[in-house]
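Colleague: First, the structure itself, so that you have it in front of you.
The values are calculated or read from the model by the stated rules, or taken from the named source; none is laboratory data. Since this is a predicted model, take the numbers as computed values, not measurements. Methodologically, a virtual Cβ is constructed for each residue, glycine included, from the backbone with ideal geometry; neighbour enumeration extends over all protein chains shown.
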Amino acid sequence: MELASYSDSAVRLVNTEEPARGTDTLTSVEAVRALFGAGSQAAARRATEADVTRFRSVRARLRAVFTAADAGEATRAVDLLNSLLLEFPVSPQISGHDYLDDEGRPRWHMHLADHPSNATAGYAATAAMGLAFHLTEYGVDRLGLCQAAPCRNAYLDTSTNRSRRYCSDRCATRANVAAYRARKRLGAERSADTGRTAQSSQETTARTER
């Protein structure tokens, strides 16, 4: 498994809730199991009803990391993430399973082996470590929250110029349309104000001439 997929696990968990919209899809064991990837089905099967509450707790802590990063509070974001890493440790291992080159030889890569007491601990360990790798590789400012209100979904900015502001193309389009309409309204209001000012000036001039 690539390290990027571990950081994606953090994003998937955080985005099961949209606080501004009052929606939460993390309400059942099935929802918890759906967060695990195809290669983690053994871990997913360990999930129980108790993990729903545990996952929600980890989700809140991961969202706090993104919130701090989005606000430019780098030290706080790192401190919050470090607390997760301490609570949910992993063991890095070299792995070659499922990745073979054209000659059938393993493509060695880093794998994060967790030693969980429950499904939440395993998921939290790899998600936190993946997010830590992303943060240290690309910078704290690469962790963001969508700017298209009311959406505040988390995202990982992998753009070349650090320009990402939205969690998806859909939100980017929606924000651009809203901005365009706002400019149109402002232009119309300014034109109306200009018209009223010109009319008032003409009426004043007319009264003066009389």
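Colleague: Can you go through SER91, SER83 and tell me which one is over 25 Å from ASP24 (Cβ atoms), in contact (Cβ under 8 Å) with a residue 12 or more places away in the chain and either exposed (fewer than 13 other Cβ atoms within 10 Å of the Cβ) or polar (S, T, N, Q) (or both)? I'd like the intermediate steps shown before the answer.
Modeller: Numbers: SER83 fails: over 25 Å from ASP24 (Cβ atoms).
Answer to the selection: SER91.
Colleague: Right, next: Which of the residues belonging to the range 121-145 are surrounded by fewer than 23 Cβ atoms within 10 Å (Cβ to Cβ) and either among the hydrophobic types (A, V, I, L, M, F, W, C) or not in a helix (DSSP H, G or I) (or both)?
Modeller: Passing the criteria: ALA121, ALA132, PHE133, LEU135, GLY139, VAL140, GLY144, LEU145.
Colleague: Would you check which residues across the range 38-97 are assigned to a strand (DSSP E or B) and farther than 15 Å from ALA121 by Cα and list them?
Modeller: Selection gives PRO92, GLN93, ILE94, SER95.
Colleague: If TYR99 meets every condition in (1) modelled with pLDDT of 95 or more; (2) aromatic (Phe, Trp, Tyr); (3) out of contact with any helix residue (DSSP H, G or I) (no Cβ under 7 Å at 6 or more places or on another chain) apart from one, which number is that one?
Modeller: Going through the list (1) modelled with pLDDT of 95 or more; (2) aromatic (Phe, Trp, Tyr); (3) out of contact with any helix residue (DSSP H, G or I) (no Cβ under 7 Å at 6 or more places or on another chain), TYR99 breaks only (1).
Colleague: Right, next: How many of the residues making up the range 34-50 are surrounded by 17 or more Cβ atoms within 10 Å (Cβ to Cβ) and either of a type in the set (Phe, Trp, Tyr) or closer than 21 Å to LEU131 by Cα (or both)?
Modeller: 5
Colleague: Of everything in the range 1-37 that's outside any loop (DSSP other than H, G, I, E, B) and of a type in the set (Ser, Thr, Tyr), which residue is nearest to CYS151 (Cα to Cα)?
Modeller: Going through the qualifying residues, I end up with THR23.
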